[in-house]
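Worksheet for the structure shown next.
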Amino acid sequence: MANIFGSLDSEGSVFRDERALMPEYLPEILLHRDAEIKELALTLRSAAKGGKPENTVLIGPPGTGKTSCARHVLRQLSEYSKRALPIYINCWELSTRHAILNKLAISLGEIVPRRGVATDEVSDRIAEFLKKEKRVPIIVLDEVDRLVASQYGEESILYDLARGSEVFGAPIGVVGITNHEEFLTKLDTRIISSLSQHRIYFKPYSPQQLKDILGERVKLGFASGALGEEVIPLCAAIGAKRGGDARVAIATLWKAGKLADRKGAKKVSVEMVKEAAQEKVEHEKLENLEPAEKKILSIVEKGPITSGELYEKIKGEGVTDRTIRNYLEKLEKLGLIETEIRADKGRTRVIRRVG
Ligand SMILES: Nc1ncnc2c1ncn2[C@@H]1O[C@H](COP(=O)(O)OP(=O)(O)OP(=O)(O)O)[C@@H](O)[C@H]1O
Ligand SMILES: [Mg+2]
């Protein structure tokens, strides 16, 4: 029987279990990715017997299930065999050779003091451990292009890992994940061939596929009957329009649910989905602004202002008239401000915040 306290939690809410809608939630079933999952499993299968897995790169636009599929396959592999040791690294968080080697050593159970251990020594310890223990680490390098983008030549870690068998004298598997396949061309040819023995492509989801994915998630996350008609198709259409992105589709639905709760509504409506989508787009726009653009916006937010007054306020902080004009143009294109030439004010430009 359902727990009484559990059911109280969702009382007065359209949600059954909001956690199922959160970005880090890994569903049991990943719909429409059977082929990609199988292909990845095939490249890694030899690790289960202590052999060398093939290195693979997963490539595709945002929200197409790359990270989820990698986590799913690695979870299954480690349940199937104690030999394989999955290690997940996000290269936005750990972006130096030293940090990545440390994480690897720690995952192998080595104790590495935060400071004072030279990278080469960490590397030696890893090699020693691997030879002794006969376990096969499979290292997922998510957002791997980040290593190449960094100006410090951190991609040398890719060389160490991709040719792990030679460098550490033991088999190692690497699964790179990226939105930008072209990053590979910036690498040394030897790294390219060993890192991307396989490339698995993730295509944008179609509206129908997004509907299926949302349908599964709704069963877990929402109370029954909490969604109005056409809510799922609309969220799917929004995700499809934004590049076949399941993250956008799910996040829009989640936000619409929050709106329903805030309004005290029993059902999520199409209007709430539209409002949620609008809010989300606005939020993303603001997040991606440069500091100077944010500054301009914060000034304009206080009330309409002429271009002359605005220039006076931000000039002298290393910005020129030209750059200010560029910022204004961009903010206007994003629909965050509007500018108007006022004849009554001697043809000056007046800037105001919209939305
Ligand atoms: N096939 C699927 N079935 C169920 N949920 C999915 C599926 N694909 C993606 N999702 C969900 O969509 C969201 C985004 O997926 P994921 O993080 O795997 O995308 P990604 O390709 O790694 O995106 P990015 O390139 O932006 O990192 C997650 O919340 C995930 O649970
Ligand atoms: Mg990802």
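Things to note:
- The stretch 45-134: C-alpha gyration tensor shape, a/c 1.5 cut-off, then a/b vs b/c: oblate
- Between LEU286, LEU108, LEU310, the GNM of the chain built on Cα springs shorter than 10 angstrom shows LEU310 fluctuating the most.
- Packing rank of 71-84, 18-31, where each peptide gets the mean count of other beta carbons within 10 Å, highest leading: 71-84, 18-31
- Taking the three principal axes of the alpha carbon atoms in the stretch 88-141, the coordinate ranges are 31, 26, 15 Å, sorted in descending order.
- Remark: the stretch 291-353 is approximated by an ellipsoid whose semi-axes, taken from the C-alpha gyration tensor as √(5λ), come to 17, 14, 11 Å, largest first.
- Sequence-distant contacts, meaning Cα pairs under 8 Å at least 6 residues apart, place the relative contact order of the stretch 206-287 at 31 percent.
- Above-threshold pairs, the threshold being 30 Å between Cα atoms, out of LYS241/LYS315; LYS132/LYS186; LYS38/LYS219: LYS241/LYS315; LYS132/LYS186
- Taking the helices alone, the chain has a mean residue ellipticity at 222 nm of -15000 deg cm²/dmol, built from -39,500 (n - 2.57) per DSSP H run of at least 4 residues and averaged over all its residues.
- Just checking the listed ones, ALA343, ALA265, ALA35: in the Gaussian network model of the chain with Cα springs under 10 Å, the one fluctuating most is ALA343.
- Per principal axis, descending, Cα span of the stretch 230-338 in whole Å: 52, 31, 19
- Shape category assigned to the stretch 34-201 from the gyration tensor of Cα positions, a/c cut at 1.5: oblate
- Loop-resident sites, the stretch 285-355, for GluC sites (Glu not before Pro), counting at most 12 other Cβ within 10 Å (DSSP): GLU317
- Of the GluC sites (Glu not before Pro) in the stretch 86-182, the ones in a loop by DSSP (not H, G, I, E or B) with at most 12 other beta carbons within 10 Å are GLU93.
- Reachable lysines, given that their alpha-carbon falls under 20 Å from the alpha-carbon of LYS134 and they are not under 8 places away in the same chain: LYS49, LYS52, LYS82, LYS103
- The stretch between GLU11 and SER298 holds 99.4 nm of extra length on full extension. This uses 0.36 nm per residue minus the Cα-Cα distance.
- Convex hull projection area averaged over all views, the stretch 206-287, Cα basis, nm²: 5.0 nm²
- Estimated distance in nm for a label pair at LYS266 and GLU230, the labels positioned 7 Å out from Cα along Cα-to-Cβ: 2.1 nm
- The chain: relative contact order as a whole-number percent, Cα under 8 Å and 6+ apart: 19 percent
- Peptides 227-239, 246-258, 202-214 ordered by average Cβ neighbours within 10 Å, highest first: 246-258, 227-239, 202-214
- Tensor-based shape of the stretch 148-304 (alpha-carbon gyration tensor, a/c under 1.5 rounded, otherwise prolate or oblate): oblate
- One equal scatterer on each Cα of the chain, no solvent, Debye formula: the resulting log10 I(q)/I(0) at q = 0.08, 0.13, 0.14 Å⁻¹ is -0.57, -1.08, -1.13.
- Note on LYS49 and GLU279: their simple-model spin labels are 5.4 nm apart, each label 7 Å out from Cα toward Cβ.
- Cβ crowding within 10 Å averaged over residues, with 63-69, 134-140, 274-280 ranked highest first: 63-69, 134-140, 274-280
None of the figures in this text is laboratory data; all of them are computed from the coordinates on show. Model, not experiment: these values are computed from the prediction. Every residue, glycine as well, gets a Cβ built from its backbone with ideal geometry; the counts of neighbours run over all protein chains shown.
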